[in-house]
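The values are calculated or read from the model by the stated rules, or taken from the named source; none is laboratory data. This one's a predicted model, so the numbers in the text were calculated from it and none came from an experiment. Because the Cβ atoms are built from the backbone with ideal geometry, glycine has one as well, and the counts that use them run over all protein chains shown.
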Amino acid sequence: MFKTIVASVILFLFFLQANNFLFANENEEVETEVSAATAVASAEKSTAAVAETVESTEVVIEEIAETTTVEAAAAVVETESEENTVAVVEKESDVIATVNGEKILRLSFNKRLDVFRRMNQEVTDAIKMQIVNQLTKKMLLKQFVEKQDVSATADDINAEVEKIKFFLQNNPANKDKPLEEILETQGSSITELQEEVSRALALSKYLENSVTDADKQSYFDANKDAFNGAKVKASHVLIDTRNLKTDAELKEAKDKIDIVKVQLDKGADFAEMAKKYSSCPSAENGGDIGFFQRKGSIVEEFAVVAFAMKVGEISEPVKTQFGYHIIKVTEKEDGKEVNYADVSDMVDFVYMQLKTESLLKELNEKAEINIML
């Protein structure tokens, strides 16, 4: 049971850094965390089987390595001899937050900012806060693991590093490159990766002691649509609220989505409304975000509503971390009959993710977090 759980938790720890960057690349084909779990399980059974699932995991793995690109906070100090003045600069050693008294340095913050810069994305205040939140989550888990009487052996650590190496090297861009070179291009190192894996292994051991097979079986029985391959195809209109700071701005966004809903109720064409009002990249496709499964690829609030709808139905406004959505379900694919034994690895993955999220919520509520950006 332990070996099955390990890969799930390691992947989830990496997702903490990358999972919330985008709304599942809404204008691209959506892949799922469950697909990643399937790939992990297959890795232990057959290299050939895993190769078939690499396309659904490589995008995640590209973004998951513990550190991404290290470009130090570049600050140019201009000295004007006539006035003898020096520009104020940001230093890598600056503290941008503390978690229970432990410091998070600007260097770690800048590494994650570079992910967005490499993707040519605008670095907004919302993105900066998102990165800070991810770093605090990592710190909370690190502190928690250090207090537990659990540890990982060198053999276990090396085995998990080999799995990560397999996924990274199956990305065509990394073909034939040694792991050290791949990590170096992302500003990371084997040592840093091993430290992250060690903490993930320790956490998975802790979780193993608090979860039984009966717990997972019960979860499966209550959530079969998350594991039977059922899919929904949908379009949406998104009014993005991530960069809004005031109550007045948020109210204006809510009013805007309500106006859209009124027009749709009067018979307006959904695709045209998406093109006109939606702030999602999918707007150019009439809001179409393609097929997605119940768990992993779409934020939970969105997925819950979409899977409960009928084909052709249009939802009321739905609030998520990205803003206000109106959803239209355009097609459904039924799942197949599935037994717990057939998907136990995927259930491990999802259930352990939920347990980790629950633990993080509890730790966050008790923590003293100070942000100094």
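The listed residues are 276, 328, 295, 310, and the only one of them that is in the same structural domain as residue 251 (by TED's automatic domain parsing), surrounded by 16 or more Cβ atoms within 10 Å (Cβ to Cβ), under 25 Å from residue 263 (Cβ atoms) and charged (D, E, K, R) turns out to be 328. The set of residues in segment 125-142 that are among the β-branched types (Val, Ile, Thr) and modelled with pLDDT under 90 comprises 127, 131. The set of residues in segment 167-186 that are in contact with a helix residue (DSSP H, G or I) (Cβ under 7 Å, 6 or more places away or on another chain), surrounded by fewer than 18 Cβ atoms within 10 Å (Cβ to Cβ) and either in contact (Cβ under 8 Å) with a residue 24 or more places away in the chain or among the aromatic types (Phe, Trp, Tyr) (or both) contains only 171.
Residues in segment 126-166 that are under 20 Å from residue 361 (Cα atoms), surrounded by 15 or more Cβ atoms within 10 Å (Cβ to Cβ) and basic (Lys, Arg): 137, 138, 142.
Picking from 336, 295, 361, which residue would you name as being basic (Lys, Arg), within 30 Å of residue 97 (Cβ to Cβ) and out of contact with any strand residue (DSSP E or B) (no Cβ under 8 Å at 6 or more places or on another chain)?
Selected residue: 361, the only one of 336, 295, 361 that is basic (Lys, Arg), within 30 Å of residue 97 (Cβ to Cβ) and out of contact with any strand residue (DSSP E or B) (no Cβ under 8 Å at 6 or more places or on another chain).
A single entry from 282, 297, 315 fulfils the requirement of being touching a Ser or Thr at 6+ places or on another chain (Cβ under 6 Å) and among the hydroxyl-bearing types (Ser, Thr, Tyr): 297.
Could you please find all residues in segment 327-345 being among the acidic types (Asp, Glu) and not in a strand (DSSP E or B)?
Listed by number, the residues that qualify are 334, 337, 342, 345.
Of the residues contained in segment 207-226, none is found to be surrounded by fewer than 16 Cβ atoms within 10 Å (Cβ to Cβ), more than 30 Å from residue 346 (Cβ to Cβ) and out of contact with any Phe, Trp or Tyr (no Cβ under 8 Å at 6 or more places or on another chain).
Among the residues examined, residue 313 does not qualify as of a type in the set (D, E, K, R), at pLDDT 95 or above and out of contact with any strand residue (DSSP E or B) (no Cβ under 8 Å at 6 or more places or on another chain). From the list 127, 131, 104, 96, the one residue that fits, being farther than 25 Å from residue 206 by Cβ and touching a strand residue (DSSP E or B) at 6+ places or on another chain (Cβ under 7 Å), is 96.
A residue that is farther than 30 Å from residue 290 by Cα, in contact with a helix residue (DSSP H, G or I) (Cβ under 6 Å, 6 or more places away or on another chain) and not in a helix (DSSP H, G or I) can be found somewhere in segment 188-202.
Out of the residues in segment 331-347 that are loosely packed, with under 14 Cβ neighbours inside 10 Å and in contact (Cβ under 8 Å) with a residue 24 or more places away in the chain, which is nearest to residue 281 (Cα to Cα)? Don't jump to the end; show me each part of the working.
Initially, segment 331-347 is screened for residues loosely packed, with under 14 Cβ neighbours inside 10 Å, giving 331, 333-334, 336-337, 339, 341-342.
Okay, now just the ones that are also in contact (Cβ under 8 Å) with a residue 24 or more places away in the chain, so 331, 333-334, 336-337.
Values: 331: 21, 333: 25, 334: 28, 336: 32, 337: 35 Å.
Residue satisfying both the conditions and the ranking: 331.
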